[in-house]
Amino acid sequence: MIFRRNLTVLLVCASLLVATPAAANWSETFQPEAVGSYQEQEGQQYIVIAAGDRAQSAPAAQSLTTALRAAKAKMVMDDKSLGDVSELDDSAIVTKVTKLPIEQIVIVRIFETGADAPQMAVVTAYDKQANVLWALSATQGEALAPAETSRVAKPGKAGVAIGKLHEDQTVGTSEARKKFDENFLWGTQYITGTDGYLSHHYFHPKRGKYAVPLTPEEFYTELDRPDLLEQYNSNSTTNTISNVMVTTGYLGVLGFSTWALVGWLRNDTIDSDYEYELSSYEFDLKYNADKNPQPPVKREPHNHTLSLGLTGASLAVAIIGHVISPKSVHPIKTSEAAKLIDEHNDKLKEDLGLASDYSPMSTTHQPAPSRFQYDFDLAAGADAAEVRFRLDF
């Protein structure tokens with residue numbers, strides 16, 4: 001029984017530790033004495049608001065609320081009654097709470113400092129006229145320094161200090177964004193069709209905000225997919241062989257069938273040509289014997305076996321070329337390429353420590369989707385014929 005009780009206690013403690021790692025870290029950061037050093041007057045009434053991404057800022061705001069209550073505050077309200085303020089800026093938040101019985105509005109925002117680095121909290125306190133009263137910055141898990149040694153400015157200069165803090169914080173991310181902006185993948189699609197039905201679908205991959213065009217080899221290399229690159233090269237080789245076979249086969253069919261047709265026409269005139277030459281010989285023998293005329297030789301008929309055989313062989317080569325031709329040189333469809341691009345860009349953001357929702361596409365030139373459609377119609381009447389051709393872009 002004692003063993004079971006101890007085991008139960010251990011499991012409960014372990015679950016609590018796992019469930020609230022962020023709150024424990026921020027509670028180590030916001031100690032009552034350090035937080036109280038920023039308050040010039042005792043007995044003030046506060047409201048502490050978690051702004052931005054609430055999942056990140058709420059634990060820090062809760063720890064700060066606890067520290068203020070243990071310091072010099074008369075009353076500290078939380079933000080549960082305000083609803084969703086994640087999309088509001090500081091000015092809008094201050095306006096929203098001006099009718100509450102409070103004297104200071106304390107806004108907590110969280111910023112990422114790197115992929116594996118601890119979060120940073122920026123805390124700004126306002127009066128109801130949106131004047132900055134005090135401000136501080138703190139790192140998750142590190143004890144907040146007292147006001148005398150804090151890097152954040154005194155009242156009246158807090159706006160400048162917060163701006164400097166944002167500048168320091170975004171130095172690394174600006175380089176990361178620049179690298180991402182120049183190396184993310186995207187593409188343009190061109191669709192041609194007839195009467196609204198898809199006929200051909202073209203996808204052109206590009207790299208970065210400057211829209212550097214990529215060859216298929218470069219595209220699959222950027223995706224780090226050597227298997228797709230190998231399959232593309234194999235399909236390209238097969239496609240080239242297929243084109244050569246089809247072209248050679250059809251040229252052979254044209255040439256050898258022409259040869260067979262000419263032979264057939266010549267065979268049809270063998271007897272008539274011989275009779276004509278024989279009558280000419282008899283005439284010359286009777287009236288022009290001094291010219292020593294030679295008797296005519298009857299032409300041998302054309303053998304169709306060779307010409308028709310070569311025609312059939314050429315047709316077989318062309319058919320084989322069609323059979324071995326890959327349906328598409330690219331080993332993946334456009335939809336699959338788009339998915340791989342998303343995965344590549346997500347991984348690049350993760351490697352650079354950027355937010356998953358960051359996108360530079362708003363500043364990237366994207367050609368409008370192009371659609372080509374045509375319609376051909378032939379109408380014939382009793383007295384005239386009409387051809388109508390319509391072309392839409």
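Every number here is computed from the coordinates shown, using simple stated rules; none is lab data. Given the structure is predicted, the values throughout are model-derived calculations rather than measurements. Heads up, the Cβs are rebuilt from the backbone with ideal geometry, glycines too, and the neighbour counts pull from every protein chain shown.
Tabulated results
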| item | result |
| --- | --- |
| Burial ordering of SER174, SER325, fewest other beta-carbon atoms within 10 Å first | SER174, SER325 |
| The range 84-102 versus the range 308-332: alpha-carbon centroid distance in Å | 72 |
| In order through the range 231-247: 3J(HN,Hα) via Karplus (6.51 cos²θ - 1.76 cosθ + 1.60), integer Hz, x for Gly, Pro | 5, 5, 4, 5, 5, 5, 5, 4, 5, 5, 4, 4, 4, 5, 5, 5, 5 |
| Check: the range 204-306 dipole with +1 on Lys, Arg Cβ and -1 on Asp, Glu Cβ, in debye | 420 |
| THR305 versus ILE320: modelled label distance in nm, points set 7 Å from Cα along the beta carbon direction | 2.3 |
| Packing-based order for 52-64, 128-140, using average beta carbon neighbours within 10 Å, highest first | 52-64, 128-140 |
| Residue order, fewest to most surrounding Cβ atoms within 10 angstrom, among MET245, MET75 | MET75, MET245 |
| Cross-link pairs beyond the 28 Å C-alpha cut-off, checked among LYS206/LYS347; LYS72/LYS99; LYS209/LYS333; LYS327/LYS349 | LYS327/LYS349 |
| Residues LEU340, LEU254 arranged by fewest to most Cβ contacts within 10 Å | LEU254, LEU340 |
